[in-house]
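Structure first, then comments.
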Amino acid sequence: MIKLKKILVATDHSPRARWAENRAAVLSVELNADLLDIMSMPGTLKASPCSQALTSEKIGDAISLDTLLHGRKLPGSIMPIASQPVCTRSTATSKPVTAILERANELAADLTVVAAKERTTMVDFFTCQTNSELIRQSDRPILLVNSQSQAPYSKIIVAIDFSEHSRDAALLALAVAPTAYFTFLNACHVTNEGIMREAGITNEVINKYRDKACERARARLNQFIDDLGPRRELIARAIQYGFPVPVICDRAKRLNADLIVIGKHGTSRLHEFLLGSVAQRLIDHTSCDLLVVATPRRLCREKPLQRDKAVPKLGPPNAGDHDTFIPRRK
């Protein structure tokens with residue numbers, strides 16, 4: 001079982017960064033983390049009214065989680081508990097991406113939390129590179145916070161392509177929100193469909209190929225979930241024909257999801273660039289948080305997801321013709 005014990009949140013104390021701070025604090029309590037580190041970008045700590053409660057503390061000193069959250073309206077899950085995480089703060093001394101990566105390595109952080117940057121105009125394309133660069137260079141999970149809600153994650157979409165990266169993403173998703181309702185989603189397609197149309201093959205024949213592709217994907221998704229081992233989470237599958245980003249966005253809106261999880265693929269610069277583009281499009285076209293998983297070996301894994309039998313829950317919402325509920329296995 002994956003354990004998230006050290007969480008880093010990077011902030012410039014802007015309103016959107018405040019969402020990330022709150023989410024990191026909530027997760028640190030929900031997951032019983034050992035450490036929550038709040039890293040401020042240069043020149044932002046004292047200038048920010050929302051961080052005045054921290055200015056009397058020395059850099060590197062442990063601070064009270066109650067102090068950090070003073071005056072913030074957070075859900076009941078953050079109420080005082082017997083054992084709170086150690087909460088520290090630090091200040092970056094270099095450019096944001098470099099500073100975040102260096103601090104994450106220094107702490108051996110299991111999860112890095114940052115505010116997602118929106119791109120609302122074409123000009124913003126050149127101002128959203130922090131997200132893409134961080135995703136490209138990091139070998140650790142990155143949570144991009146794209147919403148103000150701090151309620152525990154309840155509806156999560158995990159994009160599955162049956163690779164080892166997908167397995168890492170699925171395992172981490174289950175660890176981040178063990179009480180959530182999960183949809184494991186695969187966007188299937190027919191290879192060379194465009195060429196088939198160009199060759200004059202009829203829609204009837206192409207649709208038969210589509211049906212077969214979806215059937216194969218459904219069988220692989222069943223096996224994928226079985227291979228994760230015994231589980232207590234409520235998991236459904238969804239097979240939808242189309243390209244990944246439109247399929248994920250459509251499903252997120254239909255399910256009213258609050259978190260999307262994707263795996264980090266490939267090591268080439270092209271793959272890294274494309275992943276950054278995919279992540280930004282998901283942020284731009286949904287209100288979901290986004291978890292990009294590049295799982296380091298240091299994450300502690302015991303026997304794969306050995307869990308107790310689940311308490312019965314209601315079945316999943318109706319989310320499409322290709323959805324199939326995956327019942328828990330005894």
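The values are calculated or read from the model by the stated rules, or taken from the named source; none is laboratory data. Treat the numbers as computed from the prediction; the structure is a model and nothing was measured. Note that we place each Cβ from the backbone using ideal geometry, even for glycine, and neighbour counts take in every protein chain shown. The area values use the complete protein model at the heavy-atom level, side chains included, leaving out ligands, DNA and RNA. Shrake-Rupley method; radii C 1.70, N 1.55, O 1.52, S 1.80 Å.
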Can you confirm whether segment 238-247 contains a residue that is hydroxyl-bearing (Ser, Thr, Tyr), modelled with pLDDT under 90 and at negative phi? no
Please go through segment 218-230 and give me each residue that is acidic (Asp, Glu) and open to solvent by less than 50 Å² (accessible area, probe 1.4 Å), ordered by number. none
Looking at (1) under 23 Å from the mean Cα position of the chain (by Cα); (2) modelled with pLDDT of 85 or more; (3) open to solvent by 60 Å² or more (accessible area, probe 1.4 Å), which is the one condition that is false for Ser40? (3)
Pick out the one residue from Glu198, Glu233, Glu215, Glu193 that is modelled with pLDDT under 90 and open to solvent by 60 Å² or more (accessible area, probe 1.4 Å). Glu198
Within segment 138-170, tally of residues that are open to solvent by 10 Å² or more (accessible area, probe 1.4 Å), part of a helix (DSSP H, G or I) and closer than 21 Å to Leu8 by Cβ: 1
Looking at Ala177 and the list (1) surrounded by 17 or more Cβ atoms within 10 Å (Cβ to Cβ); (2) hydrophobic (A, V, I, L, M, F, W, C); (3) more than 15 Å from Val26 (Cβ to Cβ), which single condition is not satisfied? (3)
Matching residues in segment 181-239 - criterion: being over 18 Å from Ala159 (Cβ atoms) and charged (D, E, K, R): Glu193, Arg197, Glu198, Glu204, Lys208, Arg210, Asp211, Lys212, Glu215, Asp226, Arg231, Arg232
Those residues of segment 216-243 which are in contact with a helix residue (DSSP H, G or I) (Cβ under 6 Å, 6 or more places away or on another chain) and of a type in the set (Phe, Trp, Tyr) amount to Tyr241
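If I ask for residues that are in a helix (DSSP H, G or I) and open to solvent by 10 Å² or more (accessible area, probe 1.4 Å), which ones from segment 1-37 would you list?
Pro15, Arg16, Arg18, Trp19, Asn22, Val29, Glu30
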